[in-house]
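The values are calculated or read from the model by the stated rules, or taken from the named source; none is laboratory data. Everything numeric here is computed off the predicted structure, so don't read it as measured data. Reconstructed Cβ throughout: ideal geometry from the backbone, glycine too, with neighbour counts over all protein chains shown. Surface areas here come from the heavy atoms of the whole protein model, side chains and all, with no ligands, DNA or RNA. Shrake-Rupley method; radii C 1.70, N 1.55, O 1.52, S 1.80 Å.
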Amino acid sequence: MTDAFFTYRKNVLLAKSPSTQIEGVFAATRGRSVPEEQEVLLQQWLEEGVGNLPASESVPAVRKVSVTLTSDWLEGSELLMTSLSDLNTSPEVTRCADQQHSELNALASSELQDDAVAELARLPSEETVTVAGSAPWAAVVPQADHQTAGCAGINVEVLNDDPAVLAWSLACDAETVPPVLPAQPIQDAVPFYPVSMEVPYHEILWRDWEDLSVQPCVLEQVSKNTPLFEFRVMSYNILAQDLVEQGLDLYVHCHPDILNWNYRLPNLLQEIQHWDPDVLCLQEVQENHYWEQLEPTFKEMGFACFYKRRTGTKTDGCAVCYKCSRFQLISLSPVEYFRPGLDVLNRDNVGLVLLLQPVLPEGLGLKEVSPLCVANTHVLFNPRRGDIKLAQVALLLAEIDKIARTTEGSYYPVILCGDLNSVPDSPLYKFIRNGELSYHGMPAWKVSGQEDFSQQLYSRKLLAPLWPSSLGVTDKCQYATLCQPKKLGRREYSRDFLLQFRFCDVACERPPQLVLLEGVTDAKPASLVASAREHSAVTAVPKRHNFLSFFGKQCSGVIQHGLNLTSVYSHFLPQRGRPEVTTMPMGLGATVDYIFYSAEPVENKAGRRLYKDGALKLLGRLSLLSEDVLLMANGLPNPFCSSDHLCLLASFGLEISSL
């Protein structure tokens, strides 16, 4: 039991005190034996508790001791998104921390009294013991004839109904222990090993904001006194609840309570509200949750929302939300990747492409800012079907090309978010970033780089062309109908326009140079018929040539795009010497989520295109974590992060120019 009280008291300090104070306090007792340290902490608890009880209270038999956390010192929902430095600045938390610091310093020099167990037995039933001032914790002795002990040693009951508070108080599986206290429990007590309650999630999973506005290109822009329209974009795979329940084997490391949607939803909304994005791109959004809970909540937060459910029987999809005070919608284009009869596009994934007009604040005068194209998608997961992944991305890029293309032939700034189910430096990633990929003969599993199937004797290979011409998408990821070369010297008129002149005088006159056509009149000069046939044979060649110009390169196994996209993240943490991860399936960290944005290419080095910021500037980003850090928090999801993916967040600036 003393081990249990020691464990819980230390856990409370971990949640309320700065890490430096905790290390200093417990370092003072590190030289003593563990049982002595526990005895002293138990005695101090008894002295504080019994001193507040009337002397005439009856003494029932003590069979169970449980500890209840009170949350009056700080709301759990605020704690989850608050750093340790912020906690130190709170006067109420500082008071509790100093109080606990002085208490443990006094405990370090105190000695255990012989009647410790006797005083514990005199605690009345159902009586709450107030501890030093604001009572940040309390002991309760219920009328029970058994004692439960988890891996933290104590059954914790939470008074605050906020699900986020459960992140600090999840109980572990219970085991039964003898109900009768031994005569000498101090030395012979079985030690408890705290696990869940000692995890300071808010400290382990703390993510820094990286300010990139000090880059030379941004500083040069500031030096020119050119204003920027600043906004934040978040991309987040929030893990659909249906997918959780269909794949529980993937989450055996999680306590069942934290997988409950009623627990995860407040955590997810709290995280989104904390980072306050202006544009929100979500994946794995369950349809009924979107219409019943997410969309109403986001509208109250000032967002306009658009949703596209996956085709077929799937219940989740993608959503794009933007703040009405910052953007106005110009156009919306949902994208369905499923094409009946095409093996390379036979899956139910979807995407969304929006063209938004930034809303400038009043008082800037005659200023304008370029529209912004925002795309969001969730690409097929199957690691073996890289051909499908590549075709889905090509179809999305073709839609972006249509929406973001200007009348002059250039592009508006583009931001592409999503779960691409491909790792950095994979062929699919290089295709998006470098704008070109030679795929002919490539094993399909290699496209995404998720897994290595090189040991298989027979594997699917990508052959040219990757998709048929009937899809209407060229090898440059453009719709064929939008990139037909126009013949010089010819004008096109609609049928309705020409019918307006069918009865005019000019139309009723026979032109003197009109060549007689076979079958039109009885006169059939042989020379004219031969010349007509020769002319038709000559004109047929350019048409065939134009068709091959669209799809010829695809037959050579090369696809391209001209959007000039680069990643917000570098995919490596130099300070830790480890790669960034955005998800942890089965305990293995990987990066599959991205935010790409438009930039200006500088040069190519060893097949890698280098970029610099153009009209759209990257001002900052929320740092990612490494695999070892997430393992310390028991992977994803956990009580702090309620999805199996981390959110991505970036700050951008669009140049504001004069009219």
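How would you rank 569-582, 646-659, highest first, on the average number of other Cβ atoms within 10 Å across their residues? Mind showing how you got there, number by number?
On the way: 569-582: 15.4, 646-659: 19.2.
Top of the packing list down: 646-659, 569-582.
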Surface accessible to a 1.4 Å probe, Trp445 within the full protein complex, Å²: 40
Protein accessible area in the stretch 558-659, 1.4 Å probe - carbon and sulfur %: 53
Accessible area (Å², per residue) of the stretch 341-473, counting only protein heavy atoms and a probe of 1.4 Å: 39
Beta bridges by DSSP in the stretch 306-434, antiparallel share as percent, to the nearest 5: 75
Heavy-atom accessible area ranking, 1.4 Å probe, most first, across Lys323, Lys461: Lys461, Lys323
Out-of-range pairs (alpha-carbon distance over 20 Å; input Lys308/Lys476; Lys389/Lys446; Lys476/Lys612): Lys308/Lys476; Lys476/Lys612
Segment His274-Phe381, length gained on full extension (0.36 nm per residue, minus Cα span): 35.6 nm
Estimated vicinal HN-Hα couplings, Hz - the stretch 398-410 in sequence order (Karplus 6.51, -1.76, 1.60; Gly, Pro = x): 5, 5, 4, 4, 5, 6, 8, 6, 8, 5, 7, x, 8
Ranked by how many other beta carbons lie within 10 Å on average, peptides 618-624, 360-366, 285-291 from highest: 618-624, 285-291, 360-366
